[in-house]
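Visitor: Pasting a structure below so you can have a look.
The values are calculated or read from the model by the stated rules, or taken from the named source; none is laboratory data. A quick note: this is a predicted structure, and the numbers were derived from the prediction, not measured. Every residue, glycine among them, receives a Cβ derived from its backbone with ideal geometry; neighbour counts consider all protein chains shown. Side chains included, ligands, DNA and RNA excluded: accessible areas come from the protein's heavy atoms. Shrake-Rupley method; radii C 1.70, N 1.55, O 1.52, S 1.80 Å.
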Amino acid sequence: MPAQFKDYYTSLGVSREATPDEIKKAFRKLARKYHPDTATDKKTAEAKFKEINEAYEVLGDPDKRKKYDTLGANWNDAGGFTPPPGWRQGGDGGGPAQEFHFGGTGFSDFFEQYFSGGSRYGFPQDFSEAPRGQAGRPRRGHDIEGDILVTLEEAMHGTVRPISLQTVNRKTGQAQTDTIQVRIPPGATDGRRIRVPGHGEAGHGGGQAGDLFLRVRHAAHPEFTTREADVYHELDVAPWEAVLGAEIVVPTLDGSIKLKIPAGTENAQSMRVRGKGLPKGKNGERGDLYVVIQIVLPAEISGAERSAWEQLRSASTFNPRA
Amino acid sequence: MNETYTLEVLSEMTGVSTQTIVEYQAQGLVRSGFDDETVRSLRRLEALRESCGMDLQGLKLLAHLLDEVEQLREALRARR
């Protein structure tokens with residue numbers, strides 16, 4: 001099943017030599033533009049949003065980026081590409097009785113084959129090959145693992161996602177596609193695995209089928225990152241706002257709120273807004289929102305601004321190195 | 001939110017005897033809240049035991065290493 005090569009550098013509009021910081025910036029800019037909440041043309045924005053998320057999932061991770069660059073070197077425009085020797089496809093673990101293939105996870109086929117967590121049991125594939133012996137004895141099918149891209153909105157409210165799982169039986173060569181409805185519970189945290197019973201590899205000799213484990217990957221959000229049920233938002237403030245204090249409107253997962261920045265707020269200081277994170281359980285408990293202050297300086301200043309800063313310099317007794 | 005199972009159900013689901021699960025738990029190989037992560041841990045332990053012929057000491061070492069690798073990967077991801 002050759003997957004079409006994806007040019008992640010083009011997706012993010014960065015060069016192959018881009019630094020991690022440039023990649024992050026490019027991603028944030030595009031994510032803001034194409035986030036389904038803010039974009040005007042929802043349909044194309046959603047596809048684009050998925051594409052940049054996938055590109056960032058790979059290029060934003062030094063390890064995956066290295067792998068990707070190795071793959072890219074073996075790719076040519078004319079006829080797809082040949083994975084370099086020694087490359088194991090993420091999906092099939094190098095020689096199980098079946099091949100499998102996901103759809104609807106929010107990732108492309110290309111991603112699924114090479115970058116998904118798709119190993120069996122979640123450890124390096126070389127370990128996962130059980131001895132084949134004892135023919136005829138019923139043996140349970142292997143578990144299959146994969147990633148599923150979940151937006152923060154979906155994680156907030158929970159959803160049901162159709163996932164198609166194509167399996168190719170190596171013995172018969174027949175492809176079979178199953179569509180299953182996977183329930184993403186409210187408060188599904190990043191890294192959490194959702195078990196779908198009986199949708200792993202088929203059993204052998206009358207054995208039970210394995211399970212499918214889907215690992216939740218939060219789609220990067222232009223405004224928020226998550227850690228467990230807590231949500232983080234970076235708030236850019238001007239130096240005088242940090243020194244004098246200010247009232248700033250900040251976004252949360254459920255509408256904006258007005259946040260009071262106390263006078264004398266330090267850079268990187270965080271403020272906790274209780275109960276504005278992801279749901280924690282069935283009892284309505286929620287994580288918190290942390291607003292992390294980033295003091296930013298103006299890139300260019302006018303003449304008037306310059307003289308104001310100069311005045312400040314002569315008036316101030318502050319010595320940061322004292 | 002996360003569905004939990006009784007020891008007996010967990011044993012049935014994974015084919016690992018209840019005594020073995022209790023032993024794994026005592027050794028810190030599986031967490032005490034029995035949920036889908038526990039199912040995954042047990043399946044992983046069983047696969048290691050069967051395919052690599054590992055004893056309890058080996059399992060302990062490898063399971064901890066694998067968990068640590070996973071945690072570090074998650075931490076690394078969160079830093080982005």
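Visitor: For the range A:249-270, does any single residue satisfy the condition of being open to solvent by 50 Å² or more (accessible area, probe 1.4 Å), among the charged types (D, E, K, R) and modelled with pLDDT under 90?
Guide: Yes, the conditions are met somewhere in the range A:249-270.
Visitor: I'm checking my understanding of the structure. Among residues of the range A:197-211 that are within 11 Å of another protein chain (Cβ to nearest Cβ) and touching a residue at least 24 places away in the same chain (Cβ under 8 Å), which one is most open to solvent (accessible area, probe 1.4 Å)?
Guide: So the residue we want is A:208.
Visitor: Additional query: Checking the structure you have, find out if any residue of the range B:22-29 is at positive phi and not hydrophobic (A, V, I, L, M, F, W, C).
Guide: Checked the range B:22-29: at least one residue is at positive phi and not hydrophobic (A, V, I, L, M, F, W, C).
Visitor: Out of (1) in a helix (DSSP H, G or I); (2) over 14 Å from the mean Cα position of the chain (by Cα); (3) in contact (Cβ under 8 Å) with a residue 12 or more places away in the chain, what's the single condition that is false for residue B:3?
Guide: Of (1) in a helix (DSSP H, G or I); (2) over 14 Å from the mean Cα position of the chain (by Cα); (3) in contact (Cβ under 8 Å) with a residue 12 or more places away in the chain, only one is false for residue B:3: (1).
Visitor: Further question: Just checking, how many residues over the range A:8-59 are acidic (Asp, Glu), part of a helix (DSSP H, G or I), over 17 Å from residue A:107 (Cβ atoms) and away from every other protein chain (no Cβ under 13 Å)?
Guide: Within the range A:8-59, residues that are acidic (Asp, Glu), part of a helix (DSSP H, G or I), over 17 Å from residue A:107 (Cβ atoms) and away from every other protein chain (no Cβ under 13 Å) number 1.
Visitor: Would a scan of the range B:30-40 turn up a residue that is farther than 23 Å from residue A:281 by Cβ and either open to solvent by less than 50 Å² (accessible area, probe 1.4 Å) or more than 10 Å from chain A (Cβ to nearest Cβ) (or both)?
Guide: Within the range B:30-40 (the criterion being farther than 23 Å from residue A:281 by Cβ and either open to solvent by less than 50 Å² (accessible area, probe 1.4 Å) or more than 10 Å from chain A (Cβ to nearest Cβ) (or both)), the answer is no, since none of the residues qualifies.
Visitor: Still on this structure, please answer the following. Quick check on the range A:228-244. Is at least one of its residues within 13 Å of chain B (Cβ to nearest Cβ) and either outside any strand (DSSP E or B) or on the phi > 0 side of the Ramachandran plot (or both)?
Guide: Checked against the condition, which is being within 13 Å of chain B (Cβ to nearest Cβ) and either outside any strand (DSSP E or B) or on the phi > 0 side of the Ramachandran plot (or both), the range A:228-244 yields at least one hit.
Visitor: Moving on to the next point. Of all residues in the range A:246-292, count the ones that are in a strand (DSSP E or B) and more than 14 Å from every other protein chain (Cβ to nearest Cβ).
Guide: Number of matching residues: 20.
Visitor: If you check residue B:46 against the conditions, is it surrounded by 14 or more Cβ atoms within 10 Å (Cβ to Cβ), over 25 Å from residue A:225 (Cβ atoms), at the interface with another protein chain (Cβ under 10 Å from one of its Cβ atoms) and among the acidic types (Asp, Glu)?
Guide: yes
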